[in-house]
Amino acid sequence: MKVKFKAFAQFSLVALLAAACTTDPDSAGLEYMPDMYRSPAIEPYVDYGEVRGQINDELKMHRSAMVPPRYAIPYYGTDSATVHTLLPYHRLPGRLFAETHGLYQYDLSSNEDADYEYKLAAADVNPLKLTSKEVADKMFADGKALYAINCNHCHGEKGDGNGPMVASGAYSGAAVLSGLTIAEGQMFYSIYYGKGMMGSHASLLNKKEIWTLVHYVRKFQDSNYGTFDANGLPAWGTTKPAADTTGK
Ligand code: HEC
């Protein structure tokens, strides 16, 4: 009896191991303890009350994360300059932006000229000022970090339009940022709502972050930008670049 059991145990073990193998190279085979290597997919924004495949009625129907009401203004503290910078953007996306950039939840400009608001944006100036070397250094450091995460893969580290996505051949047409001559308000508009093959960043970055990036982009165009001379005076031309009224 003892011998038989041992043989049976050995046979079972071999059978179990053999069953674990499959010919499909993409399959992990039989998983003995899936919980060990597969964590449950938590969906924080969908409220099924589901935990490990079981519906938990107590959790179900509880209020989940919801989109704030339209025109709600998040609390940004009490610093008036910061609050002012982060208030909703006053420019509307062009007439066609719902179709071209998926901006369905926005009020669109009704102007016949789809670039009407883009042209107006030429008048907007960066509310974040480069008042000293310290402020500028911090701005460029923040800009560099934001750029590395959000822009580098298309526009490239040096803003030459040759990021890894473009170099790999997967994508083309990223603007050469170092050669741009458009007004900073228009840069903001395009980063915010998107332009051509560039998507909207309105849900990814707040306005302060985008204005920080606008400073960073201007540094590509002029290495003196944000530097100061021995007297602490700005070493770059502080006049605004000319507006692009062609909309192209
Ligand atoms: C998916 C690739 C992609 C990403 C990511 C991307 N861009 Fe672009 N960007 C483009 C393309 C393509 C254009 C050219 C659009 C056109 O002129 O049709 C462009 C244009 C621009 C322009 C010129 C806009 C104008 O009005 O002419 C600026 C400024 C710019 N990008 C900055 C940024 C910044 C800053 C980021 C990071 C937040 C970023 N882009 C992320 C692809 C991208």
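The values are calculated or read from the model by the stated rules, or taken from the named source; none is laboratory data. Since this is a predicted model, take the numbers as computed values, not measurements. For neighbour counting, all protein chains shown are included, and Cβ atoms are generated from backbone atoms with ideal geometry for every residue, glycine included. All accessible areas refer to the heavy atoms of the entire protein, side chains included, with ligands and DNA or RNA removed. Shrake-Rupley method; radii C 1.70, N 1.55, O 1.52, S 1.80 Å.
Among residues belonging to region 168-222 that are in a helix (DSSP H, G or I), open to solvent by less than 40 Å² (accessible area, probe 1.4 Å) and among the small types (G, A, S), point out the one that is farthest from G237 (Cα to Cα).
S190
What pairs come up if the first residue lies in region 131-151 and is aromatic (F, W, Y), the second is open to solvent by 50 Å² or more (accessible area, probe 1.4 Å) and near the ligand (Cβ under 10 Å from one of its atoms), and their beta carbons are under 7 Å apart, counting only those six or more places apart or on different chains?
Taking only residues 6 or more apart or on different chains, not a single pair turns up.
If a residue must be at pLDDT 90 or above, under 22 Å from D160 (Cβ atoms) and not β-branched (V, I, T), how many such residues does region 224-248 contain?
3
If you take the residues of region 208-223 that are of a type in the set (S, T, Y) and closer than 20 Å to N162 by Cβ, which of them is farthest from the ligand (Cβ to nearest atom)?
So the residue we want is S223.
Out of all the residues in region 79-97, which are surrounded by 14 or more Cβ atoms within 10 Å (Cβ to Cβ) and more than 24 Å from E209 (Cβ to Cβ)?
R95
Looking for something modelled with pLDDT of 75 or more, polar (S, T, N, Q) and not assigned by TED's automatic domain parsing to the domain that holds N206 - is there at least one such residue anywhere in region 116-131?
no
Within region 129-166, how many residues are outside any loop (DSSP other than H, G, I, E, B), away from the ligand (no atom under 15 Å from the Cβ) and open to solvent by less than 30 Å² (accessible area, probe 1.4 Å)?
Count: 1.
Which one is nearest to the chain's Cα centre (by Cα) among residues in region 101-128 that are among the hydroxyl-bearing types (S, T, Y) and either surrounded by 18 or more Cβ atoms within 10 Å (Cβ to Cβ) or farther than 18 Å from A202 by Cβ (or both)?
In this case the residue turns out to be Y118.
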